[in-house]
1. Within the accessible area of the chain, what % is carbon and sulfur when the probe is 1.4 Å and the other protein chains stay in place?
2. Could you tell me how many degrees, from 0 to 90 and to the nearest 10, lie between the Cα long axis of helix 2-18 and the main elongation axis, the longest principal axis, of the Cα atoms of the chain?
3. If you count, for each residue, the other Cβ atoms within 10 Å and average over each peptide, how do 29-37, 102-110, 136-144 line up from highest to lowest?
4. How much accessible area per residue does the chain have, counting only protein heavy atoms and a probe of 1.4 Å, in square angstrom?
5. Putting +1 on Lys and Arg Cβ atoms and -1 on Asp and Glu Cβ atoms, find which of ALA61, ASN86, TYR133 reaches farthest to the positive end of the dipole of the chain.
6. Can you tell me the Rg and the Dmax, both Å, for the Cα atoms in the stretch 86-130?
7. Any idea what Rg and Dmax come out to for the stretch 20-142 if you just take the C-alpha atoms, in Å?
8. Roughly what angle does helix 44-55 make with the longest principal axis of the chain, taking Cα atoms, 0 to 90 degrees, to the nearest 10?
Amino acid sequence: MKIPVLAVLLFLLVSVNEAKKYGRCELAKILKKAGMDGYYGYSLGNWICMAYYESRFNSRAVGRPNSDGSRDYGIFQINSRWWCSNGKGKTANGCRKSCSKFVDDNISDDITCAKRVVRDPNRMNAWVAWRKYCKGKNLSRWTKGC
Ligand SMILES: *[C@@H]1O[C@H](CO)[C@@H](O)[C@H](O)[C@H]1NC(C)=O
Ligand SMILES: *[C@@H]1O[C@H](CO)[C@@H](O)[C@H](O)[C@H]1NC(C)=O
């Protein structure tokens, strides 16, 4: 009996340690405070919806390698080919950050970088998941009750 219980406890500890999952309203509050509501014309719902479909609100998410070998990091899945450096392969490093900065639990630099990304001509189309699941949709449910 002792071993399974220990194993379960260890598993829970490891899981907790591996993922900081923001709550929907928790994230809404942080993004609003950071001036994301209406940033470049995108309402708060767009950012929450994007973060959900990119990372499921997990600030430590690291995506599987993309076809060009780059990876995506953190709650907004910021790409290492264009926006941050992971020390592997070519990068434009537009946000002048190490990608590791985007997988800690302090998302203030993720927010700064997302603002930089959306200032590019692609705007929010830079996020494939946003284009697929959020663009042009009724986004009221993402901020409901927050
Ligand atoms: C998060 O990081 C920023 C700098 O990137 C810092 O100013 C801020 O105090 C940090 N917040 C917390 C809660 O540690
Ligand atoms: C979006 O959905 C909400 C709740 O379902 C509804 O009240 C609202 O009228 C909708 N807005 C638009 C623009 O369709």
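1. Working: 4790 of 8800 Å².
Looking at the chain in its full context, I get 54 percent from C and S.
2. Relative to the chain, helix 2-18 is tipped by roughly 20 degrees.
3. Going from most to least packed, we get 102-110, 29-37, 136-144.
4. Working: 8800 Å² over 146 residues.
Using a 1.4 Å probe on heavy atoms only, each residue of the chain averages 60 Å².
5. TYR133
6. 11.2, 29
7. Using the Cα atoms of the stretch 20-142, the pair Rg, Dmax is 13.3, 40 Å.
8. Approximately 50 degrees, to the nearest ten.
The values are calculated or read from the model by the stated rules, or taken from the named source; none is laboratory data. None of the values given here were measured: they were computed from a predicted structure. Here Cβ is always computed from backbone atoms with ideal geometry, including for glycine, and neighbour counts include all displayed protein chains. Each accessible area value is taken on the protein alone, full model and side chains, heavy atoms only, with ligands, DNA and RNA left out. Shrake-Rupley method; radii C 1.70, N 1.55, O 1.52, S 1.80 Å.
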